[in-house]
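Step one of this worksheet: look at the structure below.
The values are calculated or read from the model by the stated rules, or taken from the named source; none is laboratory data. The model shown is predicted, which means the values in this text are computed figures rather than measured ones. Neighbour counts are summed over all protein chains in view; Cβ atoms, including those assigned to glycine, are modelled from backbone coordinates with ideal geometry. Only protein heavy atoms, including side chains, enter the accessible area calculation; ligands, DNA and RNA are left aside. Shrake-Rupley method; radii C 1.70, N 1.55, O 1.52, S 1.80 Å.
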Amino acid sequence: MPDELSAGEIVAALGKLACRFDLELVDSCDSTNARLLARAQAGAASGSVIVAREQTAGRGRRGRAWLSAPGDSLTFSLLWRFAAATSLAGLTLAAGVALARALEQIPVAGLALKWPNDLLLDERKLAGLLCEGVPGQTQAVVLGVGLNLRLPSAMPADLRLRSACLPPPLPTASQLLAALLVQLHTVLTAFANDGFTPWRAEWSRRHAFEQRPVQLLSDFAAPLSGVCRGVADDGALLLETEGGVQRIVSGEISLRSA
Ligand code: ATP
């Protein structure tokens with residue numbers, strides 16, 4: 001295995017922010033999101049993190065699978081609790097900005113964000129975000145991240161063509177995790193006060209499909225074609241269609257280049 005996650009190295013790399021996180025490193029689990037959601041329901045603190053060397057049933061949106069392999073993937077989840085009246089609209093997009101910022105500092109060039117929850121490298125999916133509310137706790141959210149350090153050897157050929165991994169030289173997985181957590185801390189702390197609005201410009205600057213024609217695919221409706229005209233302050237995608245600009249808010253949609 002190229003490099004192992006090490007709790008000591010993660011804490012050292014977090015520096016003075018280490019006290020803001022409660023880190024749990026596990027060898028294997030089904031899904032870091034599922035496990036952290038359970039911990040959250042039992043009262044885990046904001047800033048709790050579960051990072052798994054191996055995730056056996058990683059989840060994407062709508063029950064889709066996130067493929068990972070020990071040593072080839074960084075898979076972790078972060079619990080964040082917000083104050084009572086905070087609007088969480090646009091949270092996934094703000095978290096995407098945090099991931100992009102952390103990777104750009106490495107530096108990785110060619111990153112772009114795909115609405116609502118993917119990070120692309122040279123138009124292929126490098127990382128996915130899964131933002132899930134904690135049942136019964138309206139202001140608590142678990143943010144799951146799956147990031148390809150290398151492409152898992154078991155990845156099917158068609159998925160391989162659509163996937164990207166980080167270009168060498170790679171930082172260690174522990175350094176990478178710490179860098180991602182530091183940026184998530186910055187963005188989520190600011191988001192708690194001001195929402196997505198201050199992050200909107202940064203998100204749009206990295207928008208993979210800005211001013212480009214796309215198709216939106218849904219399990220429940222006919223495909224919708226239009227041109228991306230940015231995102232709104234609440235994170236809704238603005239799609240210019242024949243009938244005018246539509247606000248797309250549903251996460252139950254997959255976006256494709258037209
Ligand atoms: P899409 O990319 O089709 O729009 P989505 O954004 O709706 O999908 P997500 O829930 O974000 O889907 O992610 C799950 C999808 O990501 C899977 O269906 C698969 O196509 C793809 N995927 C799974 N594992 C990986 C991986 N390690 N790297 C890149 N892509 C992956």
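For segment 48-88: of the residues being more than 16 Å from the ligand (Cβ to nearest atom) and either of a type in the set (S, T, N, Q) or not assigned by TED's automatic domain parsing to the domain that holds Leu37 (or both), which is most open to solvent (accessible area, probe 1.4 Å)?
Ranking the candidates gives Ser87 first.
Residues that are open to solvent by 70 Å² or more (accessible area, probe 1.4 Å): find the strands (runs of 3 or more DSSP E) completely inside segment 182-258 holding 3 or more of those.
244-248
Going through segment 34-47 one residue at a time, which ones are within 22 Å of Arg61 (Cβ to Cβ) and without any contact (Cβ under 8 Å) to a residue 40 or more places away in the chain?
Within segment 34-47, Ala34, Ala38 meet the criteria.
Of all residues in segment 29-47, count the ones that are touching a Ser or Thr at 6+ places or on another chain (Cβ under 8 Å) and open to solvent by 50 Å² or more (accessible area, probe 1.4 Å).
Count: 3.
What's the number of the condition Leu91 fails, among (1) closer than 16 Å to Ala127 by Cα; (2) surrounded by 22 or more Cβ atoms within 10 Å (Cβ to Cβ)?
Only one criterion is unmet by Leu91, namely (1).
From the list Val97, Val108, pick out the single residue that is surrounded by fewer than 21 Cβ atoms within 10 Å (Cβ to Cβ), hydrophobic (A, V, I, L, M, F, W, C) and in the same structural domain as Ala44 (by TED's automatic domain parsing).
Exactly one of Val97, Val108 is surrounded by fewer than 21 Cβ atoms within 10 Å (Cβ to Cβ), hydrophobic (A, V, I, L, M, F, W, C) and in the same structural domain as Ala44 (by TED's automatic domain parsing), namely Val108.
Does any residue in segment 194-218 that is among the hydroxyl-bearing types (Ser, Thr, Tyr) come within less than 6 Å, Cβ to Cβ, of a residue that is open to solvent by 30 Å² or more (accessible area, probe 1.4 Å) six or more places away or on a different chain, and which pairs are these?
Cβ pairs passing all conditions: Thr197/Asp233.
If we keep just the residues of segment 137-163 that are without any contact (Cβ under 8 Å) to a residue 40 or more places away in the chain and under 14 Å from Arg124 (Cα atoms), which is farthest from the ligand (Cβ to nearest atom)?
Ala157
Across segment 140-154, what is the number of residues that are at pLDDT below 95 and either part of a strand (DSSP E or B) or open to solvent by 10 Å² or more (accessible area, probe 1.4 Å) (or both)?
Total meeting the criteria: 2.
Out of Ala94, Ala69, Ala83, Ala98, I need the residue that is of a type in the set (A, V, I, L, M) and out of contact with any helix residue (DSSP H, G or I) (no Cβ under 8 Å at 6 or more places or on another chain). Which one?
The match here is Ala69.
What number of residues within segment 204-233 satisfy the criterion of being under 29 Å from Phe191 (Cβ atoms), within 16 Å of the ligand (Cβ to nearest atom) and among the hydrophobic types (A, V, I, L, M, F, W, C)?
Adding up the residues that qualify gives 8.
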